[in-house]
Amino acid sequence: MDGSEFDAVAARIRASFAQQSMMATLGAGIEEVAPGYCRIGAAIAPGLRQQHGVAHAGLAFSIGDSAAGYAALSRLGPEEDVVTAEMKINLLAPAQGERLVAEGRVVRAGRRLIVVTAEVRAVAKDGAERAVALLQGTIVPVPAAG
């Protein structure tokens, strides 16, 4: 796939992401898309923290799942979409910082199952990053709607 072909894929991914009201509620945004890769970031807003003042694991899971799912979608044609069949998360450290960044990657893309991973990092005010979660899951290609 050359650059102009991938531009259409990236535009499709960004349009799909814009339809996700959950991501809008979390204040998340796509920062980069490449073949088999997607990076999503979100500020750790006051309403997204748990009782200890760090980002809630739900924020890490949500952006990690979406980053992994869109990494998978970047490997499919326009007639296909994706759904998550299963996703596991390992929480590594408290998500303390200004924002979270999730980088999703395709590990293996088959015809019926796509194995994905995502690393979520907390970014401090000074730009230092710390890994806070790892996700691994299975994405299933489905026919695109409409």
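Per-structure values
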{"read-out": "Sequence-distant residues sharing a close amide H with V107 (under 5 Å, placed H)", "value": "V115, V116, T117"}
{"read-out": "Lys, Arg +1 and Asp, Glu -1 on Cβ, resulting dipole of the stretch 3-143 about Cα centre, debye, nearest 20", "value": "280"}
{"read-out": "Other-chain or far-sequence residues with amide H under 5 Å of E98's (modelled H)", "value": "V123, A124, K125"}
{"read-out": "Structure-derived semi-axes √(5λ) of the Cα gyration tensor in Å - corresponding label in (1) 31, 19, 13; (2) 26, 15, 14; (3) 22, 18, 15", "value": "(2)"}
{"read-out": "By average C-beta atoms within 10 angstrom, highest first, the peptides 99-112, 19-32, 54-67", "value": "54-67, 99-112, 19-32"}
{"read-out": "Gyration tensor (alpha-carbon) shape descriptor, the stretch 89-132, a/c threshold 1.5", "value": "prolate"}
{"read-out": "Amide proton proximity set for R75, modelled H, under 5 Å, gap of 5+", "value": "G36"}
{"read-out": "Relative contact order of the chain, pairs being alpha-carbon contacts under 8 Å that are 6 or more residues apart, as %", "value": "23"}
{"read-out": "Nitroxide proxy distance, nm - points 7 Å out along Cα→Cβ at N90 and A145", "value": "3.5"}
{"read-out": "The stretch 73-146-the stretch 7-45 distance, computed between alpha-carbon centres (Å)", "value": "11"}
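Coordinate-derived values only; no laboratory data. Quick caveat: nothing in here was measured; it's all calculated off a predicted structure. Glycine gets a Cβ as well: all are built from the backbone with ideal geometry, and neighbour counts include every protein chain shown.
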